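The structure under discussion appears below in the form of structure tokens.
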Amino acid sequence: MKLATFDVFDTALIRRCGRFDMVYEQLAKRLYPHDACMSEAFLLWRRHAESKLVETSGNHHATLAAIYSTVDTSSFTDYSPEQMANVEKEIESENLTVNPGIRQLIRQKRSEGYTIAFISDMYLGSEFLKAVLLREGCAETTDMVYSSCEQKARKDTGALYKKVKEALQPEHWEHYGNNMRSDVTMARRQGIQATLIDTTYTPIEKEIEEAGRHQQPSTQWSILPAVSRYARIVSGNSDKSAIAADFTGPAYIPYVMSVLTDAHQKGIRRLYFLSRDSYILLKIAEQFKEEYPEIEMRYLFLSRRSLYLPYLFEGNEETYLSAADHHTIVRRDNVDKLLQTLGTDRQEMESAFSITFPYQRIESKAQERDFLDKLFHSDYTPMLQQRAGEQRKLLRDYFRQEGLSDNISSAMVDVGWLGTTRLMVNQILREEGMRETEFYYYGIRGDVLPTSAGRYTSYSRSKILSTALTSVAEHYFSASPYPTTIGYLRDKEGKISPLFPKGKSYQENATISANIQVCCLMAKELVRTGKKDASQLYSWSKLSEDLLINSDIDIDFRPFIDSPDFDAMPFVKRLTMMELSKLVFSGKQITSFDWASIRVTLPRCLWRSAWWTKQLTGRIRRKVYLKYLAGK
């Protein structure tokens, strides 16, 4: 007989609440929901009950019933020992869920002709364990379940393996479990082919859990790393799901929860989530729909590119520059991209209007003046106004189609940073006789556009988010299956639809799927646990961000390498020696997230030294510039 055995806890099944003692936390609160004193007293009793039983009776194989019936429970007369034991089993059952990867492995081994059995060092009996394993699709009715409390033998001594061997007499035996000593070392001593299953907390989750020891109440904080671990493992425990659970979820879920809470308090009845960055924010928000049934959630196809032409209708160069970063296009985007946002290109400008641009990028005020004159003071200008008018009409009708002209209090949800979308949207709404709309932002820059462009609420204060983190949010956290909206089309029925670049359409990839799946699971779990402490959620978000940007902790940045380029600059890449030298000594930005690029290029022992050198040379260059060059 070929035998494949599986550990139960943290292998075939995982606890949603994370650590086993979190079951005791939930148990104490369920027994005494309105009595903090008795809840704390029971929690302390339950934590030490097994060790007290061992001390008094020497029984290392006690069942749950024995723990409650033997150890003194006279302080908790509201319940019988049997009632307390039954409530604990209820909470265990509620928290236990399948590890999909192990379930698939069990099915594979079963198809290969293996007999399947389950082994656990546990005070819960085989009947209870088997019921959960059956419910979660791991076990079949004929599978055996061996629990140490019934067998009077444990894995961590090797005795339980001997009992199973005597009972089943396997010719070939494979065992899978998460504990190095109990599931691997002791199994191998019995001649079993043992495989370690890694379901431990990631370094980031461990750091967050440790930080929670200083939070009040710490038990509530402990839910947060447990939620990350649960969603990561259930989603496949891949490198991409780890990034999503450790960083994307902690960044965006608290933000979305704050938006919904604020919108509820303000009486806002409709939230528009703007493409493309806010697609994942919408998916997260949908997990809280039952808690905010009065708030309608819609996805709105908008982009700076789709807004530029409608915004310029009856406008001029001042209007154009008002939506540019720092009101200038010098050293911003290249000429081809600037023309693209206006619905034209070099070829059309030259062939139709004999206008050429003898530069690739605008590097001076003189070139900026030349570019603006050719747009707004030339034979091309009437064409620009015509196209702007056509797109304005389409956008106006799209806004009306999506309910922006309805007499409903609404707001728009975006990631941030400067507020040019807010400026253009509200200007267009005003000019078309519609009501202005408020914006929600994940973060803002220090020079964010003022409230004259429309009211806004930011989750992170200005300058809290570093340039590196804004890059991570745009490139990775907000990866969207939708391409950029470049304009609008009207079909035969009169419906307005977004226009995408030629050859582009809705398309998910592994990063998008992992982000959405993990974040939605985390959001659902927070709903289930009732976790809503806004200050703790904010601290969780900021700690996760800090660990991503500033820590020396091992983080697998390989998923970031797969992210597409942005503005012709790679997001993260393995650097050549020349690129590394330019980054460290010359201060040249090579990628959007240089810190991660350094870490995927250099060994761990050189990470911090290279980054420290980069910062030092940067300070030296700034001092030299201020002393010798700034005044010239």
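Here are some notes:
- Complete set of residues in region 11-55 that are in contact with a strand residue (DSSP E or B) (Cβ under 8 Å, 6 or more places away or on another chain), open to solvent by 10 Å² or more (accessible area, probe 1.4 Å) and under 24 Å from Y161 (Cα atoms): F20
- Taken together, M144, M180, M122 contain a single residue that is in contact with a strand residue (DSSP E or B) (Cβ under 8 Å, 6 or more places away or on another chain) and free of Cβ contacts under 8 Å to residues at least 24 places away in the same chain, which is M180.
- Any chance A244 is touching a helix residue (DSSP H, G or I) at 6+ places or on another chain (Cβ under 6 Å) and closer than 24 Å to Y538 by Cα: yes
- Members of region 141-171 that are of a type in the set (S, T, Y) and surrounded by 14 or more Cβ atoms within 10 Å (Cβ to Cβ): Y146, S147, S148, T157, Y161
- Checking V87 against (1) closer than 20 Å to A4 by Cα; (2) among the hydrophobic types (A, V, I, L, M, F, W, C); (3) in contact with a Leu (Cβ under 7 Å, 6 or more places away or on another chain), the condition it does not meet: (1)
- Note on region 191-216: among residues that are assigned to a loop (DSSP other than H, G, I, E, B) and open to solvent by 50 Å² or more (accessible area, probe 1.4 Å), the one that is nearest to K163 (Cα to Cα) is G191.
- Where Y476 falls short, out of the listed (1) under 28 Å from Y538 (Cβ atoms); (2) aromatic (F, W, Y); (3) not in a helix (DSSP H, G or I): (3)
- Tabulated pairs, region 398-426, first within 26 Å of A251 (Cα to Cα) and free of Cβ contacts under 8 Å to residues at least 60 places away in the same chain, second of a type in the set (F, W, Y) and open to solvent by 10 Å² or more (accessible area, probe 1.4 Å), C-beta under 7 angstrom, 6+ apart or interchain: G419/Y456; R422/Y456
- Residue check for L307: open to solvent by less than 20 Å² (accessible area, probe 1.4 Å), in contact with a Phe, Trp or Tyr (Cβ under 9 Å, 6 or more places away or on another chain) and assigned to a helix (DSSP H, G or I): no
- Pair list, Cβ under 7 Å, 6 or more apart: region 482-502 residue part of a strand (DSSP E or B), other residue of a type in the set (D, E): I496/D397; S497/D491
- Qualifying helices (runs of 4 or more DSSP H) (wholly inside region 512-612; at least 1 residues being among the aromatic types (F, W, Y), open to solvent by less than 50 Å² (accessible area, probe 1.4 Å) and at pLDDT 85 or above): 534-550, 558-561, 594-601
- Annotation note: of E174, E112, the sole residue that is farther than 23 Å from L64 by Cβ, open to solvent by 30 Å² or more (accessible area, probe 1.4 Å), modelled with pLDDT of 95 or more and of a type in the set (D, E) is E112.
The values are calculated or read from the model by the stated rules, or taken from the named source; none is laboratory data. Since the structure is predicted, the reported quantities are computational estimates derived from the model, not experimental observations. We place every Cβ from the backbone using ideal geometry, glycine too, and count neighbours over all the protein chains shown. Quick note on the areas: whole protein, heavy atoms, side chains included, nothing else; ligands and nucleic acids left out. Shrake-Rupley method; radii C 1.70, N 1.55, O 1.52, S 1.80 Å.
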